[in-house]
There are 2 protein chains.
Amino acid sequence: MASDARRAGRRSGNPEPYTLASLVEVAARAFNERGYDATSMEDLSRAAGITKSSFYHHVAGKEALLRAALDRALDGLFGILGEPGAVDGEPLERLRHIVRRQVEVLATELPYVTLLLRLRGNTETERWALARRREFDQAVAGLVAAAVDAGAVRPDVHPVVAARLLSGTVNSLIEWYRPGRVPLADLVDAVDRQVFEGLRR
Amino acid sequence: MASDARRAGRRSGNPEPYTLASLVEVAARAFNERGYDATSMEDLSRAAGITKSSFYHHVAGKEALLRAALDRALDGLFGILGEPGAVDGEPLERLRHIVRRQVEVLATELPYVTLLLRLRGNTETERWALARRREFDQAVAGLVAAAVDAGAVRPDVHPVVAARLLSGTVNSLIEWYRPGRVPLADLVDAVDRQVFEGLRR
DNA sequence: CGCGCAGCCGAACGATCGTTCGGTCGGAAC
DNA sequence: GTTCCGACCGAACGATCGTTCGGCTGCGCG
């Protein structure tokens, strides 16, 4: 079959066949280190181990790499909203499920979500991703408001402000969390308690 | 006096004399909108109402603008640590004071603090600012640890993680707070309660 | 009045950017 | 053995970047 020729690098002992996903991973990591604009295609191709012109043989361009990475992040986040724990039950427990799962997705898809949370909206691709991200945040905000209506939270919380602070707390993980340092299960519990119980004894 | 000649634009009805501070403000706002790298000196000079070459008559360069803005942000933050409320009293109350004041500084110095919190560390200037910011965060983290030792917080909090989440919650304000929408005093109370009391009733 | 100089500008500098193009190489297909 | 094609490369493209330079203008001061 002709499709078999696709497997494994044709040239010298090349361990990887340079799939799109592997190059997106390399790119996402580099984008996060230096920033999207400050990362050149030369940087990316060197990180992948090939020249700039060879790099273009595998990917359509810089923005396509960004788009693929953002797609992966958004798929992970929106996947949470469809889970049973996010659909069934009392608003507060549904919110808790989303928060805990969001921590997990942030951790497992860290490079991609980091990219998503740092967008400035300069290109059409970035604005599209920002719009989808806003959708997700509004779903969470709706649940906060529902929890307020149900009387499950402190009566003095401003639903909109509380939702922003909640998302801010969870999203701030990308600034410092690195895999392997803190067990993920412990982190999920820590965020859960911090958000819903607060710091004070 | 020769220093009087500095006042008011020499040419046609120019309202402002293009002080360094006013240009830094313009630059900080532009940097936040599009990102530092994506903002050209052409963009900045146009926002200031003069040409690119005239702009260079007032400022040393792009990085000098960034440095001036970061200086202002760091001065605001470190000023908090010296206030009586941050020095005297029980650890938890000192921490509360810092959190509440930090919200105020973030709000009043929004463009500059936003710039500080988005640094990637590409240049020497950025790395210097990041190091100072880390100093501030460690001061806060030390206070969280002290509050844990004093038994003033939930006994199961991990001091380091809790400090990160606390800073993350406060710093996330830059992502959505805009002056005039929510009264600042209300925001301070909302963050205070969210951090220390949590969401649940 | 005439000199100095701050404020401002147009034009151009070298560097670097994302992207394209023509071509080489070597294993697979027939 | 010849053809074919995917993987790869060097060189160059036009565009844009931050920065510099020389010169113009008109007010303030002596």
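The values are calculated or read from the model by the stated rules, or taken from the named source; none is laboratory data. In this text the structure is predicted, and so the values were computed from the model without any measurement. Every residue, glycine among them, receives a Cβ derived from its backbone with ideal geometry; neighbour counts consider all protein chains shown.
Here is a yes/no grid of residues against (1) hydroxyl-bearing (S, T, Y); (2) on the phi < 0 side of the Ramachandran plot; (3) in contact with a Cys (Cβ under 9 Å, 6 or more places away or on another chain); (4) more than 11 Å from DNA strand C (Cβ to nearest atom):
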position	(1), (2), (3), (4)
A:G35	no, no, no, no
A:F55	no, yes, no, no
A:A60	no, yes, no, no
A:L65	no, yes, no, no
A:A68	no, yes, no, yes
A:L74	no, yes, no, yes
A:P84	no, yes, no, yes
A:E90	no, yes, no, yes
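Can you give me the number of residues within region B:42-56 that are touching a helix residue (DSSP H, G or I) at 6+ places or on another chain (Cβ under 9 Å) and buried (at least 16 other Cβ atoms within 10 Å of the Cβ)?
6
State all residues of region A:31-74 that are within 15 Å of DNA strand D (Cβ to nearest atom), under 23 Å from B:R120 (Cα atoms), more than 14 Å from every other protein chain (Cβ to nearest Cβ) and among the charged types (D, E, K, R); if no residue qualifies, say none.
Answer for region A:31-74, where residues must be within 15 Å of DNA strand D (Cβ to nearest atom), under 23 Å from B:R120 (Cα atoms), more than 14 Å from every other protein chain (Cβ to nearest Cβ) and among the charged types (D, E, K, R): A:E42, A:R46.
Of all residues being at the interface with chain A (Cβ under 7 Å from one of its Cβ atoms) and within 22 Å of A:W176 (Cα to Cα) in region B:174-197, which is surrounded by the fewest Cβ atoms within 10 Å (Cβ to Cβ)? Just the residue, please.
B:E175
Pick out the one residue from A:A162, A:A145 that is more than 9 Å from chain B (Cβ to nearest Cβ) and either buried (at least 16 other Cβ atoms within 10 Å of the Cβ) or in contact with a Pro (Cβ under 6 Å, 6 or more places away or on another chain) (or both).
On inspection, the qualifying residue turns out to be A:A145.
Taking only region A:1-40 into account, find how many residues are modelled with pLDDT under 70 and either part of a loop (DSSP other than H, G, I, E, B) or within 14 Å of A:V59 (Cβ to Cβ) (or both).
Going through region A:1-40 one residue at a time, the tally reaches 11.
Checking A:G89 against (1) more than 13 Å from chain B (Cβ to nearest Cβ); (2) without any contact (Cβ under 8 Å) to a residue 12 or more places away in the chain; (3) not in a loop (DSSP other than H, G, I, E, B), only one condition comes out false. Which one?
Here A:G89 clears every test but (3).
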